[in-house]
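Novice: The structure under discussion is supplied below as structure tokens; questions concerning it will follow.
The values are calculated or read from the model by the stated rules, or taken from the named source; none is laboratory data. Nothing here was measured: the structure is a model prediction, and the numbers come from that model. Here the Cβ positions follow ideal geometry from the backbone for every residue, glycine too, while neighbour counts run over all protein chains shown.
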Amino acid sequence: MTNRLAFAQFYSATRRKGALAICLVLGTLVMGISVSAQGPTITTFDAPGAGTGPGQGTMGIAINPAGVIAGAYTDANGVNHGFLRAPEGTFATFDAPGAGTGPGQGTFVALVGAITPAGAVVGTYTDANGVNHGFLRSPHDTFTLLDVPDAGTGPGQGASVEDINPEGVIAGEYSDARSVFHGFVRTEGGTIATFDDLGAGTSPGQGTFVASVEGLTPAGALAGFYTDASSVNHGYVRAPDGAITKFDVPGAGTVPGQGTYVGGINPEGMVMSTYLDPSNTFHGYVRAPNGAITTFDILGVGTGPGQGTVPEAINTPGTIAGNYFDANGVSHGFIRTNHGAITVFDVPGAGTSPGQGTVPFCNNPVGATTGWEIDANSVNHGFLRTP
């Protein structure tokens, strides 16, 4: 998850924490470079219309069991758009009705739990006033727009959709008129229930957050984190009946901005993410369904502030995909099996300066992984890594 954090810096500037017409474009793979060396194959791609300036480009965000990738791209004007990439490489791009068209506005596919096996996609769009709204895009290209009744209507406020499970249940968080965050769950029929973790802070920027990396199981269990009144982060798991279990990773820091983050939960109830220690270094962890916590770091990881190990997603077998930052602030990808074996990799063409590199972001049940690489010009390009 720190690239959840790194990505969240990009994301939050436009959609949270700080901040039925469909445009459908079918095209061919704009850029495809496949690399295979007696093992996994890596294919890079760019969505049609993606910008080529620093901070622009294409990000693979979610991948379903069939290999369909959902993602977002930023155009040359700094406006964001959603896309679907079929397994054979064709693209459909889209914008949610009402999405703004100014820099930092537009359509954002939810970070990872964004696409169902049937191809329904959820996400958030930012309107022309900088307010966030959720959306559900069906496999038949129709949109349902989602707002939470108590959501604020000022810039950076509103509803952010994070996850959808195969049953059509949607989860996310919303920022109220005081910029405090609260969780919500929406049934397939449209009924919305809101919730707060006891202990969540009530000042601007504090509150309850839903994990955006496969944070909702098929059975309806949720994982997330909350920020307390001292701005320290703590993890939680919310059972389908609404019961909440809180937890902290041993060694997590206890000052503002530190603590335990939660990135995702798999169908078996395994939770994973990163925690920030007292030195502001990130470390990975896995929490078993019985509450046992295992921490880990990647060999060669940096140990300075903002460096470390950042798990991003966990699939059904318990394999984790993520990234780590070395001592130079360069990001590299890793895959960690349920048994703890770790493979590291870099996407060809990834930059080697601070803030550049490889960012795996989601892995499906058969081990295909999507994400993006940041090149030497700080432009983003999507990638698909197949086992």
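Novice: How about region 277-387: which strands (runs of 3 or more DSSP E) wholly inside it have at least 2 residues that are modelled with pLDDT of 95 or more and not hydrophobic (A, V, I, L, M, F, W, C)? So that I can check it myself, show each step before the final result.
Specialist: On the way: elements: 282-287, 293-296, 308-314, 320-325, 331-336, 342-345, 357-363, 369-374, 380-386.
Result: 282-287, 293-296, 308-314, 320-325, 331-336, 357-363, 369-374, 380-386.
Novice: I'd like to know if region 241-264 contains one or more residues that are modelled with pLDDT of 95 or more, under 18 Å from the mean Cα position of the chain (by Cα), among the hydrophobic types (A, V, I, L, M, F, W, C) and part of a strand (DSSP E or B).
Specialist: The answer is no; no qualifying residue exists.
Novice: So, in region 50-69, how many residues would count as being touching a helix residue (DSSP H, G or I) at 6+ places or on another chain (Cβ under 9 Å) and either part of a loop (DSSP other than H, G, I, E, B) or among the aromatic types (F, W, Y) (or both)?
Specialist: Within region 50-69, residues that are touching a helix residue (DSSP H, G or I) at 6+ places or on another chain (Cβ under 9 Å) and either part of a loop (DSSP other than H, G, I, E, B) or among the aromatic types (F, W, Y) (or both) number 1.
Novice: I would also like to ask the following. Look at region 351-368 and say how many of its residues are touching a Leu at 6+ places or on another chain (Cβ under 9 Å) and more than 15 Å from H381 (Cβ to Cβ). Full working, then the answer.
Specialist: Going residue by residue through region 351-368, those that are touching a Leu at 6+ places or on another chain (Cβ under 9 Å) are 361-362, 368.
From what is left, the residues that are more than 15 Å from H381 (Cβ to Cβ) are 362, 368.
Final tally of qualifying residues: 2.
Novice: Find the strands (runs of 3 or more DSSP E) located wholly in region 128-220 whose residues include 2 or more that are out of contact with any Leu (no Cβ under 8 Å at 6 or more places or on another chain), and list them. Talk me through it step by step, then tell me what you get.
Specialist: Numbers: elements: 132-137, 143-146, 158-164, 170-175, 181-186, 192-195, 207-210.
Those strands (runs of 3 or more DSSP E) span 132-137, 158-164, 170-175, 181-186, 192-195, 207-210.
Novice: For region 324-331, indicate whether the set of residues that are crowded, with 24+ Cβ neighbours inside 10 Å and more than 16 Å from M272 (Cα to Cα) is non-empty.
Specialist: Going through region 324-331, the residues crowded, with 24+ Cβ neighbours inside 10 Å turn out to be 324-325, 331.
Cutting the leftovers down to more than 16 Å from M272 (Cα to Cα) gives us 325, 331.
For region 324-331, residues crowded, with 24+ Cβ neighbours inside 10 Å and more than 16 Å from M272 (Cα to Cα): present.
Novice: For region 339-381, enumerate the residues that are closer than 21 Å to P48 by Cβ and among the aromatic types (F, W, Y).
Specialist: F361, W372
Novice: Would you say F83 is crowded, with 24+ Cβ neighbours inside 10 Å, within 17 Å of the chain's Cα centre (by Cα) and either among the aromatic types (F, W, Y) or on the phi > 0 side of the Ramachandran plot (or both)? If you could, list the steps in order and put the result at the bottom.
Specialist: Working: crowded, with 24+ Cβ neighbours inside 10 Å: yes; within 17 Å of the chain's Cα centre (by Cα): yes; either among the aromatic types (F, W, Y) or on the phi > 0 side of the Ramachandran plot (or both): yes.
In short, yes.
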